[in-house]
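Heads up, the thing below is written out as structure tokens.
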Amino acid sequence: MIIKNAQLITWGEGNQIIENGSLLIQEGVIREVGADLDKKYPDEESFDARGQYVMPGNICAHTHFYGAFARGMGIPGDAPKDFPQILERLWWPLDMALDEESVRYSALVFAVDAIKNGTTTLFDHHASPNYIDGSLDVIGDVLLNAGLRGVLCYEVTDRNGPEGAKAGIQENIRMIKKAAGIDSLGAAFGLHASLTLDDETLEACRDAIGEEAGFHIHVGEHQVDEYDSLKRGGLRVVDRLKKFGILGPRTIVAHGVHMDQAEAVLLAESGTWLTHQPRSNMNNAVGVAPIEDFLRLGIRVGIGTDGFYHAMWEEWKIAYFLHKAHHLDPRRMNALDIIQMGVKNNAALANLYLPDTRVGVIEKGAAADLIFVNIHPFTPLTAGNLPWQIIFGIQEGMITSTMVGGKFLMKERELLTLDEEKIAAEARALAPEIWKRYEGYVGKYS
Ligand SMILES: [Zn+2]
């Protein structure tokens, strides 16, 4: 297929914008980047981008599909006063309420959401303690049928007893082996957070994982994680994870809001990835991670949504504004740092976990994971000012088409692989039962 008449934003070296560009796509891969390729390859079917900007699909480095049914749900009793109460009264009872069908619909509604928002690769961190075995297959099948790429994991925890922890370990191991044979799926080994993991379980996880796999875990999202770890054995969270061999160049830690400087250095030294989720941090009122310090230390920081809708540009914008407001300084959080995290680092992380595919860039040999954006810039849009053009004026609603591996998942705003109306109607029909089960579990942890 030829994509013609496109303004190509490559996100490649030098952050090129190619005017009147065209792409040759074969077997899901960009074979040639140039101009007038429809004339060079007259036998190829061509798609006219009509002057739209065409760029790599966005990547989400940390999310939770399982939280989808929290949308519109009320939390019984007084409003939670802090993050531990949010866990105990919202997320932990909600994950208990999920069965096979609700896991499937959680993934389906967020697959629709991701495609419409131009997010084509997602790192999911899953929990459904009453339906563990096979849960990652359900999510994986949804992503495969939708045409998206994903990196899955199941969060091992001790909060539901030793059997639950064991089942979680097995689910990770199974999916790591299975995903190795599927190009568009990857798998990490999921851990909830230090505060719900005993030493024996951390050891069992370390023993279970092969050399090639990495962990995906929440770290220091709230002070309680650090205080719990200090109480267990006098170590802060990252020191504890180091002791159990959890850190390393394939491991992803989410948040890091309450780490101290020595913990940040440990992440940098071990090559561990960190993901930043500003919308979630603001909503949970857990604080602001010193992300610029992390970048200066050399930590590879990416950006995720933590279960918010998968509009990555929106997440970038919140990160851009949050750090300025927090520091009372408009010079903080340069847009180039946002691009480093949201584009470069997220792509490098995705390429680590999906080794047969090159995503996040338009160049010869890269996957044809593309979004078509209907922008009419009223000032010059250049490679130099693109980060600010996005932050101040480009929105997910301008995305007209989303393609993964050369296949349109959305074309001219019409979803081609999923029936949004039907999925939403069926999810709405399921929601009252899920909410009822959830209410039955509220109080279990508090
Ligand atoms: Zn999370």
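Before moving on, here are some points about what is shown:
- Note on the range 101-187: with charges restricted to the Cβ of Lys and Arg (+1) and Asp and Glu (-1), its dipole about the Cα centre is near 160 debye.
- A DSSP coil position with no more than 12 other Cβ atoms inside 10 Å describes the following GluC sites (Glu not before Pro) in the range 167-233: Glu211, Glu212.
- Applying the criteria of a DSSP loop state and at most 10 other Cβ atoms within 10 Å to the chymotrypsin sites (Phe, Trp or Tyr not before Pro) of the range 336-385 yields Phe378.
- Put the Cα centre of the range 149-196 next to the Cα centre of the range 394-433 and the gap is 27 Å.
- Charged-residue dipole, Cβ positions (Lys, Arg, Asp, Glu), the range 237-395 about Cα centre, Debye nearest 20: 100 debye
- Entries in Lys178/Lys242; Lys4/Lys40; Lys39/Lys364; Lys242/Lys344; Lys116/Lys324; Lys40/Lys344 that, when Cα-Cα distance is taken, lie over 21 Å: Lys178/Lys242; Lys242/Lys344; Lys116/Lys324; Lys40/Lys344
- Tilt relative to the chain, helix 420-441 - C-alpha long axis, 0 to 90 degrees, to 10: 10 degrees
- Accessible-area order (highest first, 1.4 angstrom probe) of the listed residues Arg89, Arg413, Arg437: Arg413, Arg437, Arg89
- To the nearest 10, the accessible area of Val265 is 50 Å² with a 1.4 Å probe.
- Each Lys or Arg adds one and each Asp or Glu takes one away; over the other residues whose Cβ falls under 13 Å from the Cβ of Asp207, this sums to -2.
- Computed over the chain, relative contact order equals 22 percent, with contacts defined as Cα pairs under 8 Å that lie 6+ residues apart.
- The Kirkwood radius of the range 1-150, taken over pairs of alpha-carbon atoms, gives through the Stokes-Einstein law at 4 °C and 1.567 mPa s a diffusion coefficient of 71 µm² s⁻¹.
- Between the C-alpha center of the range 63-88 and that of the range 279-354 there is a gap of 23 Å.
- Computed log₁₀ I(q)/I(0) - Debye formula, equal Cα scatterers, no solvent, the chain, q 0.07 Å⁻¹: -0.33
- Dipole magnitude for the chain: about 700 debye, using +1 per Lys or Arg Cβ and -1 per Asp or Glu Cβ, origin at the Cα centre.
- Relative protection proxy for 231-240, 114-123, 79-88, from highest mean packing down: 114-123, 231-240, 79-88 (other beta-carbon atoms within 10 angstrom).
The values are calculated or read from the model by the stated rules, or taken from the named source; none is laboratory data. Being a predicted model, the structure only gives us computed values, none of them experimental. Backbone-built Cβ (ideal geometry, glycine too); neighbour counts: all protein chains shown. Calculation scope for accessible area: heavy atoms of the full protein, side chains included, ligands and nucleic acids excluded. Shrake-Rupley method; radii C 1.70, N 1.55, O 1.52, S 1.80 Å.
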